[in-house]
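In what follows, a single structure is set out as structure tokens and then discussed.
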Amino acid sequence: MESEPVVVMVNPVAGGGKALRLLPRVKSALDSLGRRYHIHLTERAGDGRVATERLARQGASVIIAVGGDGTIHEVANGLCDSGTRVPMGIVPAGSGGDFARTVGASKRIEESVPRACSGDCRPIDLGIATFDDGLTHMFINVAGLGF
């Protein structure tokens, strides 16, 4: 819903601070669309997941992950935890950006923000990893395992 706010989930340390440096341009893009928005700067590992779950349940129209694969992972898990159908947008700003490359996300904020807010979304497959202690994580691109 366009009247509901866009949530911008920013990992300020992603890409060596790149995500934080891009934030003024993300805000400008949202302002030019006339969209209300809420910025959430993550503070520690796991914060993005918890905040995404809460903000999705509170009625966010879309949650835009500004960061890298770790930020996208946390937002995807938070959205799954929320039980909502809030879409996720991506502004690539990490050091690797594997998922963003895989889905063809634009690095140009002037393209990625309007695309995220357009409502034109597509479903993606999720993998589920459940650990011995019962903890579950969703993964959307790659899962690693070390021996």
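What to note about this one:
- Entry remark, segment 124-142: residues being open to solvent by 100 Å² or more (accessible area, probe 1.4 Å) and either over 18 Å from residue 98 (Cα atoms) or touching a strand residue (DSSP E or B) at 6+ places or on another chain (Cβ under 8 Å) (or both) number 4 in total.
- Scanning segment 67-84 for residues that are over 8 Å from the mean Cα position of the chain (by Cα) and either among the hydroxyl-bearing types (Ser, Thr, Tyr) or within 14 Å of residue 97 (Cα to Cα) (or both) yields a count of 5.
- Checked against (1) on the phi < 0 side of the Ramachandran plot; (2) open to solvent by less than 70 Å² (accessible area, probe 1.4 Å), residue 59 passes all but condition (1).
- Within segment 21-53, the set of residues being of a type outside the set (Ser, Thr, Tyr), outside any loop (DSSP other than H, G, I, E, B) and over 14 Å from the mean Cα position of the chain (by Cα) comprises 21, 22, 24, 25, 27, 29, 30, 31, 33.
- Residues located in segment 1-53, provided they are in contact with a helix residue (DSSP H, G or I) (Cβ under 9 Å, 6 or more places away or on another chain), modelled with pLDDT under 95 and among the polar types (S, T, N, Q): 11
- Residue match in segment 82-100 (condition: outside any loop (DSSP other than H, G, I, E, B), surrounded by fewer than 16 Cβ atoms within 10 Å (Cβ to Cβ) and at pLDDT below 95): yes
- Selection of segment 101-118 for residues being aliphatic (A, V, I, L, M) and surrounded by 18 or more Cβ atoms within 10 Å (Cβ to Cβ) yields 105, 109, 113, 116.
The values are calculated or read from the model by the stated rules, or taken from the named source; none is laboratory data. As the structure is a prediction and not an experimental result, all values here were calculated from the model. Every residue, glycine among them, receives a Cβ derived from its backbone with ideal geometry; neighbour counts consider all protein chains shown. Just so you know, the surface numbers come from the protein's heavy atoms only, side chains and all, with ligands and any DNA or RNA stripped out. Shrake-Rupley method; radii C 1.70, N 1.55, O 1.52, S 1.80 Å.
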